[in-house]
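Every number here is computed from the coordinates shown, using simple stated rules; none is lab data. Values in this document were obtained by computation on a predicted structure and should not be read as measured data.
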Amino acid sequence: MPTCPDCTAVKQQAASDPRFELIDIGAHVRNLKQFLALRDTNPAFSAVKQSGAVGIPCFLCPDGRIAFSLADLGLDNLESVVPSATDDAPSCSLDGKGC
């Protein structure tokens, strides 16, 4: 989602990587509905929802595993160049602490 600073950073790093299919949940309501169905039914999102976060960026792996960062995927080399959100940056969570 373009308004999510974490998503924007990941998109910059993963856009040219063929291992990723980037889906913008804000581009079409169909994408948002698919994401919400996943978020509402998958237990991987439990902690995310409890913290008031949205759960994006979200990585759905071919084996069905859910990850929320490049580091979770074992791609630390990409993670090191992804800028982290600062306290005064836009936020995706209701509490304003991050995405």
For the range 3-42, Kirkwood radius (reciprocal of mean inverse C-alpha pair distance, Å): 11.2
Cα-based Rg / Dmax (Å) for the range 1-79: 12.2, 33
